Amino acid sequence: METADRILTLLRREPIVSGEALSATLGISRAAVWKHVEALRAAGYRIESHRSRGYALAAAPDRLLPAEIARHLETERFGRRLECFESIDSTNVYAARLAREDAPEGTLVLAERQTRGRGRLGRSWVSPARVNLYASFVLRPRLAPADAPQLALAAAVAVARTLAPFAATVPVAIKWPNDCLLDGKKVAGILTEMDAEVDRIRSVVLGIGVNLNAPARAFPPELRTTATSVLLATGTRVDRPRFAAALCATLEAVYDRVVRDGFGAIASEWESYSCLTGREVTVDCSGRRSTGTVRGIDPVGRLVLDGANGEERIMAGDVSIVNGYRRKL
Ligand code: BTN
């Protein structure tokens, strides 16, 4: 652990710690303690100096700093290698590069802002600075390439499970395949990108965007009726480093389960969040449209539709609810 992180650990243990005690515990001079405290202040920590009594940690910055995330991290692999950026084009693009350079499974790339955030189906992902979570994980699942779509469904369960306690007053929903909603508006999206041979996955980059503390003005006007954040839906701000660590833990558990036992093992949990079951929908699958009533999801993650010509199972597509929300979510 670096000296600055050790100073933070000591300041978190007691309301006030003297410069003398810090210097003795860390084996550095009082002047060196002061320099580290100044550096921490420059990084955004509010550290008060109480004359002749010492230092007190008044507040940590609202930043996705590795040390702030590591403090809450309880995983074995996910988030253990972590790179955080103030600004990046896309965390998925950077994570794909790390994956090609043999980064271990669970490697996490985070950014405070993305300049070219990528969404599903060639869309962009609006990524304003210092309010949300933009995360990409490197995965190395031992799955057949055809089973990779199950990972995005599993990630939706992990995001919904992680969101639930942070958005306690509003139920979290999943819209197939993997959008998470609060109040019927999109709060999180998932984009998986795979590098595979015919019969073997080399790596998957799992990109997750979660709107946490974004105010309405952070979204372009055309998205304001369809997108939301935890803050907008619940009125409560999210501690972003704590959320990032919680997501790592949930994702590691859900991912390990699905790789071991298949999506069927968590299909009932996925269904418990689904906002589509029993609804009449239209699914646009690369230009081919299917309409019917949603029966549920099958053990490999296909949407089961009761249509005019009987049952249909759909692997991928874009869903809109008939007579439901006024616009496509
Ligand atoms: C969607 O269209 O619903 C998927 C959105 C995925 C956005 C995330 S943000 C972190 C990661 N980096 C990207 O460029 N995209 C994903």
**Request:** Out of L303, L276, L251, report the one residue that is in contact (Cβ under 8 Å) with a residue 40 or more places away in the chain, buried (at least 20 other Cβ atoms within 10 Å of the Cβ) and under 30 Å from L64 (Cα atoms).
**Result:** L251
**Asked** Among the residues of the range 45-63, is any farther than 25 Å from W34 by Cβ and open to solvent by less than 60 Å² (accessible area, probe 1.4 Å)?
**Response** no
**Request:** Could you identify the single residue in H50, H36 that is outside the structural domain of R80 (by TED's automatic domain parsing), in contact (Cβ under 8 Å) with a residue 12 or more places away in the chain and within 30 Å of E86 (Cα to Cα)?
**Result:** H36
**Prompt:** Which residue, of Q114, Q150, is of a type in the set (S, T, N, Q), farther than 23 Å from L232 by Cα and crowded, with 20+ Cβ neighbours inside 10 Å?
**Reply:** Q150
**Prompt:** If we scan the range 206-224, do we find a residue that is in a helix (DSSP H, G or I), in contact with a strand residue (DSSP E or B) (Cβ under 8 Å, 6 or more places away or on another chain) and either at pLDDT 95 or above or away from the ligand (no atom under 16 Å from the Cβ) (or both)?
**Reply:** no
**Residue in the range 154-161 that is over 14 Å from the mean Cα position of the chain (by Cα) and either assigned to a helix (DSSP H, G or I) or within 16 Å of the ligand (Cβ to nearest atom) (or both) present** = no
**Prompt:** Among the residues of the range 137-150, is there at least one that is touching a Pro at 6+ places or on another chain (Cβ under 6 Å), among the β-branched types (V, I, T) and more than 9 Å from the ligand (Cβ to nearest atom)?
**Reply:** no
**Fill in**
Of (1) surrounded by fewer than 20 Cβ atoms within 10 Å (Cβ to Cβ); (2) outside any helix (DSSP H, G or I); (3) more than 13 Å from the ligand (Cβ to nearest atom), P165 satisfies every one except (2)
**Prompt:** Where residues in the range 270-321 are in contact with a Lys or Arg (Cβ under 8 Å, 6 or more places away or on another chain) and not in a strand (DSSP E or B), which of them is modelled with the lowest pLDDT?
**Reply:** M315
**Message:** Return the residues of the range 191-202 that are within 15 Å of the ligand (Cβ to nearest atom) and in contact with a Leu (Cβ under 7 Å, 6 or more places away or on another chain); say none if nothing qualifies.
**Reply:** T192
**Asked** Which of the residues that make up the range 166-187 are more than 22 Å from R302 (Cβ to Cβ) and either aliphatic (A, V, I, L, M) or free of Cβ contacts under 8 Å to residues at least 24 places away in the same chain (or both)?
**Response** A167, A168, V170, P171, V172, L182, V187
**Request:** Would you check which residues across the range 119-146 are touching a strand residue (DSSP E or B) at 6+ places or on another chain (Cβ under 9 Å), open to solvent by 30 Å² or more (accessible area, probe 1.4 Å) and in a helix (DSSP H, G or I) and list them?
**Result:** R120, L121
**Prompt:** Filter the range 96-124 for residues that are under 14 Å from the mean Cα position of the chain (by Cα) and more than 28 Å from E222 (Cβ to Cβ); which is farthest from the ligand (Cβ to nearest atom)?
**Reply:** G106
**Asked** Using beta carbons and a limit of 8 Å, which pairs, at least six apart or on different chains, have the first residue in the range 125-154 and at positive phi and the second one surrounded by fewer than 19 Cβ atoms within 10 Å (Cβ to Cβ) and not in a strand (DSSP E or B)?
**Response** R130/D62; R130/R63; R130/R113
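The values are calculated or read from the model by the stated rules, or taken from the named source; none is laboratory data. Everything numeric here is computed off the predicted structure, so don't read it as measured data. Here Cβ is always computed from backbone atoms with ideal geometry, including for glycine, and neighbour counts include all displayed protein chains. Quick note on the areas: whole protein, heavy atoms, side chains included, nothing else; ligands and nucleic acids left out. Shrake-Rupley method; radii C 1.70, N 1.55, O 1.52, S 1.80 Å.
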